[in-house]
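One structure is given below, encoded as structure tokens.
The values are calculated or read from the model by the stated rules, or taken from the named source; none is laboratory data. Bear in mind that the values here come from a model prediction, so they are computed numbers and not experimental data. Here the Cβ positions follow ideal geometry from the backbone for every residue, glycine too, while neighbour counts run over all protein chains shown. Surface accessibility is based on the protein's heavy atoms, side chains included, excluding ligands, DNA and RNA. Shrake-Rupley method; radii C 1.70, N 1.55, O 1.52, S 1.80 Å.
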Amino acid sequence: MSSIFSRDYASELPTAVRGSGVYLYDADGKSYLDGMGSAGVVGIGHGRTEIYQALAAAGDAVTFAYSAQFTTPWQEEFGKSILSVAPKGIESVYFVSGGSEANETALKLARQYHLERGDTQRQKIISRWQSYHGVTIATLSLSGRTSWRAPYTPYMLPVIHIAPPYEYRCAYCKDKGGCTLDCADELERAINLEGPETVSAFFAETIVGTTASGLVPRPDYYKRIREICDRYGILFVADEVLAGYGRTGRPFAIQDWDVVPDMITCGKAIGSGYAPLGAVLINDKITNFFRESRKRFVHGFTYSGHPTSCFIGQQVFDIMSKEGLFTRAGTIGKHLHARLNDLQQRHPCIGEVRGRGLYAGVEFVADRATRAPFAAEKNFTSRLVAGMKDRGVIVGGGVPGANFGQGGDHIQITPPFIVSEAEIDQLVDALDDTIGEIA
């Protein structure tokens with residue numbers, strides 16, 4: 001009997017005992033190609049022992065110091081490193097222990113920024129359906145993942161949700177031959193309906209995660225979002241916990257849209273799984289206001305700016321810089337998407353292949369012509385993920401409800417940035433075989 005309270009008592013989990021490159025190994029010696037990058041976390045690969053060797057060599061120079069009382073060389077150095085690859089106009093970094101904490105921090109910072117400036121009515125948040133921003137009550141309230149929100153409905157904050165840029169299933173552009181950006185304009189309508197003077201911030205995953213895996217907005221979508229937010233004095237927060245830090249072939253995915261948010265939240269790949277780590281990147285407007293008026297941000301976690309985590313984050317940054325991993329996904333990802341697009345031509349159950357770089361989403365349908373999803377009782381996604389695991393490949397099962405709560409099957413493919421073409425072929429071949437077995 002395990003002493004651990006399980007995340008899912010319906011599942012029997014193998015025990016992972018080591019990792020190397022893009023592979024994990026269980027206690028029975030079986031290898032698994034980590035095609036999910038362990039929830040999109042692992043970028044530099046498993047088994048990079050040089051990180052812990054560097055920590056051991058640093059000795060007691062890396063000791064815990066509470067960030068309300070001290071700063072540390074590791075926090076300062078890592079902050080400068082992240083800013084060196086961030087969009088121009090991003091001025092400062094607030095370190096936390098993960099993505100949920102990062103989004104919670106951004107939510108509170110947005111509120112206090114407006115409050116300190118005298119805009120005391122600005123308390124409302126707008127986000128999108130089919131989104132995921134974290135598992136705390138506040139960040140789950142931001143999220144548009146209905147299946148995860150349902151058990152905690154009585155606790156949810158009153159966040160306003162609008163349509164995501166989901167062209168494959170968009171009601172706005174369904175009969176108009178393509179994207180109309182009505183989903184972006186819905187933000188302006190929501191602002192006016194709520195009262196512009198009451199809205200604090202708009203949160204959006206730059207590329208939508210596992211609630212509707214891999215949705216990439218049109219090139220002018222975020223420019224429209226930025227214009228609307230600026231028009232009404234609302235802060236724009238780009239959630240890059242999954243899509244950022246090299247996952248799409250850029251240091252930050254939003255750089256593809258040539259837009260600078262007011263805040264960027266990140267996590268996962270910035271620590272690559274070697275330490276719990278997240279961050280909020282904050283623009284010059286907010287940073288300079290707090291700095292020049294000498295304001296105290298009424299917030300903070302015990303482990304904010306944790307020295308060991310920041311030290312390890314710097315080692316990850318150095319490896320990514322030295323090995324070109326901030327941009328490699330943009331190149332090797334072309335092979336992944338080419339293989340998946342070829343698979344789509346041969347399997348009618350693949351409705352759409354989407355994403356960017358080493359972030360791919362595959363949506364499955366019972367009827368490609370009508371885009372009708374499989375019936376929920378078919379358990380298509382769970383059977384697909386299980387079949388691939390049997391073949392030694394791990395992918396992420398998308399959360400049910402991609403079809404706006406009415407079913408919908410999809411998977412997330414986010415391998416480490418060091419993945420090779422041969423390893424991508426192994427992944428896609430396993431997907432090909434598994435679809436052929438169950439479709």
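Couple of notes before you dig in:
- Counting only heavy atoms of the protein chains and using a 1.4 Å probe, Val17 has close to 90 Å² of accessible surface.
- Protein-only accessible surface at a 1.4 angstrom probe places the residues Phe5, Phe317 in the order Phe5, Phe317, largest first.
- Amide proton proximity set for Gly351, modelled H, under 5 Å, gap of 5+: Glu363, Phe364, Val365
- Beta bridges by DSSP in the chain, antiparallel share as percent, to the nearest 5: 65 percent
- Sorted largest first, extent of the stretch 1-150 alpha carbons per principal axis (Å): 61, 45, 32
- Distance from the Cα centroid of the stretch 377-434 to that of the stretch 236-255 is 22 Å (rounded to whole angstrom).
- Of (1) 47, 25, 19; (2) 33, 29, 19; (3) 34, 25, 19, the label for semi-axes √(5λ) of the Cα gyration tensor in Å derived from the coordinates: (2)
- Within the chain, longest stretch clear of exposed GluC sites (Glu not before Pro) (DSSP loop, no more than 16 other Cβ within 10 Å): 13-322
- Among Arg48, Arg294, Arg128, Arg7, the sequence by solvent-accessible area, most first, with a 1.4 Å probe is Arg7, Arg294, Arg48, Arg128.
- Structure remark: mean-square fluctuation, Gaussian network model of the chain, C-alpha springs under 10 Å; the largest value among Thr331, Thr370, Thr71 belongs to Thr370.
- Order of exposure, largest accessible area first, which applies to Arg226, Arg231 with probe 1.4 Å: Arg231, Arg226
- Near the amide H of Leu235, within less than 5 Å, lie the amide hydrogens of Ala201, Phe202, all on another chain or at least 5 residues away, with H placed in the peptide plane.
- With θ taken as phi - 60° and the Karplus curve 6.51 cos²θ - 1.76 cosθ + 1.60 applied, the whole-hertz 3J(HN,Hα) list for the stretch 149-160 is 6, 3, x, 10, 3, x, 9, 5, 6, x, 7, 8 Hz, x standing for glycine and proline.
- Amide H within-cut-off set for Gly397, under 5 Å, with H built and near neighbours excluded: Gln412
- Euclidean distance between Cα centres, the stretch 1-80 to the stretch 182-228, Å: 34 Å
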